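Report on the following structure.
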């Protein structure tokens, strides 16, 4: 497994621990718009993760994509090892504490917003 592959495996394991987590790992195919490694939503909060091998930095295109997501009020992470994973885990844990159990929230299908 490549160094980046090991970091991706760690991120996958982390995300799998959170009940109600949605995560999508797009497979680049050269068609459509470029994006980052992981797009997700947890407790109603959009997030994105760019995974790199330890010590590596995102490309200009990846940096621009993350900036666009931040401008749309999404939370973004660059994970290239333990520090990045710990930051992502702290953020997810904080959401778990601050936002109640998602199973008690239903979707208002007319207005497309959570209701309690």
Using alpha carbons only, how many degrees (0 to 90, rounded to 10) separate the axis of helix 60-71 from the longest principal axis of the chain? 20 degrees
Could you state the angle between the C-alpha long axis of helix 82-98 and the longest principal axis of the C-alpha atoms of the chain, as a value from 0 to 90 degrees rounded to the nearest 10? 0 degrees
Based on DSSP H runs of at least 4 residues, each adding -39500 (n - 2.57), what is the mean residue ellipticity at 222 nm of the chain after dividing by all its residues, to the nearest 500 deg cm²/dmol? -12000 deg cm²/dmol
Take residue 19 and residue 6, extend 7 Å from each Cα along the Cα→Cβ direction, and tell me the distance between the two endpoints in nm. 3.3 nm
Label corresponding to volume of the Cα convex hull per residue in Å³ when calculated from the structure given, among (i) 123; (ii) 108; (iii) 99: (i)
Mean separation of Cα pairs under 8 Å and 6+ residues apart, divided by the residue count of segment 1-41: what relative contact order is that in percent? 33 percent
Report, in degrees rounded to the nearest 10, the 0 to 90 angle that the Cα long axis of helix 3-16 makes with the longest principal axis of the chain. 10 degrees
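Quick note: the coordinates plus some simple rules give every number you see, no bench work behind them. If you're wondering where the values come from, they're calculated on a predicted model, not measured in any experiment. Quick reminder, even Gly has a Cβ in these numbers, built from the backbone with ideal geometry, and neighbours come from all protein chains shown.
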